[in-house]
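Right, one structure below, let's go through it.
The values are calculated or read from the model by the stated rules, or taken from the named source; none is laboratory data. Everything numeric here is computed off the predicted structure, so don't read it as measured data. Every residue, glycine as well, gets a Cβ built from its backbone with ideal geometry; the counts of neighbours run over all protein chains shown. Heavy atoms of the whole protein, side chains included, go into the accessibility calculation; ligands, DNA and RNA do not. Shrake-Rupley method; radii C 1.70, N 1.55, O 1.52, S 1.80 Å.
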Amino acid sequence: MPSRLTRSSTPTSGGTRLHHDTEPLRVLLLDLDGVLVDTRPVMESAWRQVREDHSLDVPFEEYERHLGRPFADIMEQLGLADVEPIHQTYSKASTAASHLARQFDGVAEVLHAFAIADWRLGIVTSKPLDRATPLLAQLGVPFATVRTPSGVGRGKPAPDPILLALIDLGADPADALYVGDMAVDQEAARRAGVSYVHAGWGYGTPSSPAPVVAESPKDLLRLVDTGPFLEGSLL
Ligand SMILES: [Mg+2]
């Protein structure tokens, strides 16, 4: 039987997998872009529009390195000023290209499996709420909280949105797991005191210490104890 990721009373060993002892974790918080939905074509298209409209000589690859942070923070990282008009262009172009977004294989099924196993699900994303909502609605999964930069607090890699999601759910950090795909996600989880699993199918690479890596959405079910769920029984 594979090791499961459950509430840990011991530090990580070997840096690749968390060990367990007692009860399973029960709060699953997830990033959106690069974890649930492949929005890279949307972002690429929107950034192309930004470059055109604002005569910016910043390739998408450079923008992409900072994904996971709120848009204004990415602009700051890129040394760009006068952010508001750029954000407006980006936002409008993203909405226009939203049809290019695709769920990663197995995401909806896996999230339903967690929900049926009585996990509470939440989203912690740096995507603004108005663009996150239609993508989340397509998944058809009951999210108990959605935290975006529209709320109070600092954005990732600060722990604020994860902590706020836990407050929404009345949950302790020790009972939660965050799944992200960028080093800023890993940092936010660490600073919030929640366990972290890296989505290996996403856009970024994790930093050290090496986190647990899920190879696919379905791999999350292997790593995490979802209780009496029999894989394949839901469809
Ligand atoms: Mg992401």
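When you scan segment 33-40, do you find a residue that is more than 13 Å from the ligand (Cβ to nearest atom) and open to solvent by less than 50 Å² (accessible area, probe 1.4 Å), even just one? No, that holds for no residue.
Summed over segment 133-144, the residues that are open to solvent by 50 Å² or more (accessible area, probe 1.4 Å) and in a helix (DSSP H, G or I) give a count of 4. Tell me whether segment 175-187 contains one or more residues that are modelled with pLDDT of 95 or more, more than 13 Å from the ligand (Cβ to nearest atom), assigned to a strand (DSSP E or B) and open to solvent by 20 Å² or more (accessible area, probe 1.4 Å). Checked segment 175-187: no residue is modelled with pLDDT of 95 or more, more than 13 Å from the ligand (Cβ to nearest atom), assigned to a strand (DSSP E or B) and open to solvent by 20 Å² or more (accessible area, probe 1.4 Å).
Scanning segment 188-205 for residues that are of a type in the set (A, V, I, L, M, F, W, C), out of contact with any Leu (no Cβ under 8 Å at 6 or more places or on another chain) and either in contact (Cβ under 8 Å) with a residue 60 or more places away in the chain or over 21 Å from Ala171 (Cβ atoms) (or both) yields Ala188, Ala199, Trp201. Restricting attention to segment 156-166, does a residue exist that is part of a helix (DSSP H, G or I), under 25 Å from His66 (Cα atoms) and charged (D, E, K, R)? For segment 156-166, residues part of a helix (DSSP H, G or I), under 25 Å from His66 (Cα atoms) and charged (D, E, K, R): present. Just need a number here: residues in segment 99-132 that are among the aliphatic types (A, V, I, L, M), in a strand (DSSP E or B) and surrounded by 22 or more Cβ atoms within 10 Å (Cβ to Cβ). Qualifying residue count for the region: 2.
Condition check for Gly151 on (1) free of Cβ contacts under 8 Å to residues at least 12 places away in the same chain; (2) in a loop (DSSP other than H, G, I, E, B): one failure, at (1).
Cβ separations smaller than 6 Å between residues 6+ apart or across chains give no pair from segment 109-133 residues that are in the same structural domain as Ser91 (by TED's automatic domain parsing) to residues that are away from the ligand (no atom under 14 Å from the Cβ) and not small (Gly, Ala, Ser). Do the conditions hold for Val213, that is, is it within 16 Å of the ligand (Cβ to nearest atom), modelled with pLDDT of 95 or more and open to solvent by 20 Å² or more (accessible area, probe 1.4 Å)? Considered against the rule, which asks whether it is within 16 Å of the ligand (Cβ to nearest atom), modelled with pLDDT of 95 or more and open to solvent by 20 Å² or more (accessible area, probe 1.4 Å), Val213 comes out as yes.
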